Amino acid sequence: MLTQFFFRLRDGGLKPSITELLTLLDVMKSGIADNSVDNFYYLARATLVKDETQFDLFDRIFAAHFRGIDDALNDLATDVPEEWLRRQAELMLSAEERAQIEAMGGFDKLMEALRERLEEQDERHEGGNKWIGTAGTSPFGAYGYNPEGVRIGQQGSRHRRATKVWDRREYRNLDSSVELGTRNIKIALRQLRKFAREGAADLLDLDDTIDKTARNAGFLDIRMVPERHNAIKVLLCLDVGGSMDDHVRICEELFSAASSEFKHLEYYYFHNFVYESLWKDNSRRHNERISTTDLTHKYGADYKLIFVGDATMSPYEIVYPGGSVEHWNEEAGAVWIQRMLNTYPKSIWLNPEPESRWDYTPSIKMTRELMGDRMYPLTVSGLAAGIKKLH
Amino acid sequence: MSAQKFTGTSSYIVTDDLMMAVNAAVTLQRPILIKGEPGTGKTQLAIEVARSLDRPLHEWHIKSTTKAQQGLYEYDAVARLRDSQLGDPRVHDIANYIIRGNVWDAFDCDVPTVLLIDEIDKADIEFPNDLLRELDRMEFFVYETKQLIKARHRPIIIITSNNEKELPDAFLRRCFFHYIKFPDKKTMQKIVDVHFPGLKKALLKESLEAFYKVRDVPGLKKKPSTSELLDWIKLLLAEDIPPEALRENASGKALPPLYGALLKNEQDVHLFEKLIFLDRRSRSQ
């Protein structure tokens, strides 16, 4: 049974090793799971998954594999407390409904149905209006089903028992493939820090050692210095206006939070695409601009250039002189970005649009080609991949 | 061995999943890696495990300059060199210059111990790799004295990480893993209960409400965590603030009293004030 589960995990994209499987079997043999499925789930997770960003994936595979098995396990118990029987009844019910859910197809729909089922359960078991009043609106309305995460089974312990832990998908927020937001900003920040920092090693300061030893009347006096701190310089160009504002805010937060790790961090803004000038202060964008040529002269080639933008616009704005929506540009955006890329060989473009939509928007495709394929989605894993490219 | 089980202590609440993970590590005598938001009690866990299982605790706090070797032992070559120049007789025995590290101490103890390796992610990226054999076989070799140090009793090794660096696979495969997620209201109530047993129900309810409201504010740089909540309640008690005052504040009229314990970032305080202001304005309209 576990071998099958093991391969299912591997097929699903997790990478548990044989040693880890053996460890799990060892733990099971030691009997601390106490024949409880919940405990088995906890142990399997602690043994096989070593990254909280993969908990959600694990939960999904676990749910798919062990659907219904816990009912069978419950039957094995000889001395069945009354509460267990009731619980089993709930589970039987859910099995039927789950079949329906499967027929409905689609995981989001499944989550939706699960939520409905939970509401139903409340009514059935709590009787009066006590629960419906609150559970019906506040938990599900407020934080029941929204991008912040599915928090089914928040209220009341009986509820908790009825829904299985892995079905609650509490680790969804930690999934590294979701869009960057305030929730996972910390993880993204760590990616950036990794980029900015290198291992701290001690070096022998030869000159100082000779000097101090001489002063010490020939007795050896060894002097060490910490290795020089990394000196990464970043030039950040952000697309502002319209749909981009939210993403820009997150990006700014992200980079400014990591700014102490960089030697220099400079921000500039553009609208839709880069042309002959950029600006630093969005409220005075029409007065205080820096010309792109000046920019490339001011910041040397050792800067790493990061664009953040959705690159979604009319293709004219990229390839034609005068294509800009805001002003008359003598030279096309494509020319200007090429100049910047010539100056900064290390550059990437971060795009908040979902990667799946890139191929359908001609301007994204063009920008991507201009960037030499160095366009990455604005997710934690996209950021990680992009940063790798900057090294 | 399996008779010993960790079920939390009078001052530390564990969730079921954490309990299972710790007990698995205790039973199989393998290291356990704990991750989670700062302030959710990762380091505290080791202290409480040691206390509840009645074992001595060895703490090894990792800094960015820490080397794996320092946990095992250090050979103080500089001191020996100095001694040789000064003609000290100690210089003839190299063992005089071997300084034991925390791991050695933990291995060499007469009774089973708990070893805490705190914030392993702070160290150099190669650090965990250098400890593979030590964690797996619980032994290491002292080259200078040609001595094999083997653990007399395999210690319970608890490793914490704040996720600043990714840890190598080979290292992870040797550990159990647990991610302490932020406690829900119910668990939090239990946690507060064990820390402030005599706390008035009303104050507890209101303070938790206010606390989760602050946590729910979008865009906070540093969300307050469990340890901050506990500090805050301590202050509330010390200042003898009535629960009614909290309710008024929780409904969005002003900052909660003594907010300095919850919000530790100036920008966060500003953001919070701004939101309260907007909220008040929308209500008055």
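Measuring spread by the Cα atoms of region B:146-285 yields a radius of gyration and Dmax of 20.7, 81 Å.
Applying 1/(1 + (r/R0)^6) with r as the Cβ-Cβ distance of residue B:184 and residue B:78 and R0 = 56 angstrom yields a FRET efficiency of 0.60. The angle between the Cα long axis of helix B:201-216 and the longest principal axis of the Cα atoms of chain B comes to about 80 degrees, rounded to the nearest 10.
Helix B:266-284 sits at what angle to the longest principal axis of chain B, using alpha carbons and giving 0 to 90 degrees rounded to 10? The angle comes out at about 20 degrees.
Only the Cβ atoms of Lys and Arg (+1) and of Asp and Glu (-1) were treated as charged; on that basis the dipole of chain B about its Cα centre amounts to roughly 840 debye.
Full extension of the chain between residue A:252 and residue A:286 yields a length gain of 10.1 nm, computed as 0.36 nm times the residue separation minus the alpha carbon distance. Shape of region B:1-141 from the C-alpha gyration tensor: prolate (a/c of 1.5 or more and a/b above b/c, with a ≥ b ≥ c the square roots of its eigenvalues). Within the shell defined by Cβ-Cβ distances under 12 Å, the residues around residue A:210 carry a net charge of -2, with Lys and Arg each +1 and Asp and Glu each -1. What shape does region A:236-391 take by its C-alpha gyration tensor, where a ≥ b ≥ c are the square roots of the eigenvalues and a/c under 1.5 counts as rounded, a/b above b/c as prolate, and the rest as oblate? Rounded, because the longest to shortest axis ratio a/c is under 1.5. Take the Cα of residue A:245, step 7 Å toward its Cβ, do the same at residue B:126, and the gap between the two points is 5.1 nm.
Pairing chain A with chain B buries about 3600 Å² of accessible area. This figure sums both sides and uses a 1.4 Å probe. Extending each Cα 7 Å along its Cβ direction at residue B:7 and residue B:279, get the distance between those two points in nm, one decimal. Simple spin-label model gives 4.1 nm for this pair.
In a DSSP loop and with at most 14 other Cβ atoms within 10 Å, the trypsin sites (Lys or Arg not before Pro) in region A:267-337 are A:280. Relative contact order of chain B, taken over Cα pairs closer than 8 Å and 6 or more residues apart, is 22 percent. Going by a ≥ b ≥ c, the root eigenvalues of the Cα gyration tensor, does region A:312-391 fall in the rounded group (a/c under 1.5), the prolate group (a/b larger than b/c) or the oblate group? Oblate is the answer for region A:312-391, as a/c is 1.5 or above yet b/c matches or exceeds a/b. For region B:110-203, GluC sites (Glu not before Pro) meeting the loop criterion (DSSP other than H, G, I, E, B) and having at most 14 other Cβ atoms within 10 Å: B:126, B:144. To the nearest 10 degrees, how steep is helix B:77-86 against the longest Cα principal axis of chain B, on a 0 to 90 scale? The angle comes out near 50 degrees.
The values are calculated or read from the model by the stated rules, or taken from the named source; none is laboratory data. From a predicted model like this one, the values you see are computed outputs, not experimental measurements. Cβ sites come from the backbone with ideal geometry, for glycine too, and all protein chains shown count toward neighbours. With ligands, DNA and RNA removed, areas are computed over all heavy atoms of the protein, side chains included. Shrake-Rupley method; radii C 1.70, N 1.55, O 1.52, S 1.80 Å.
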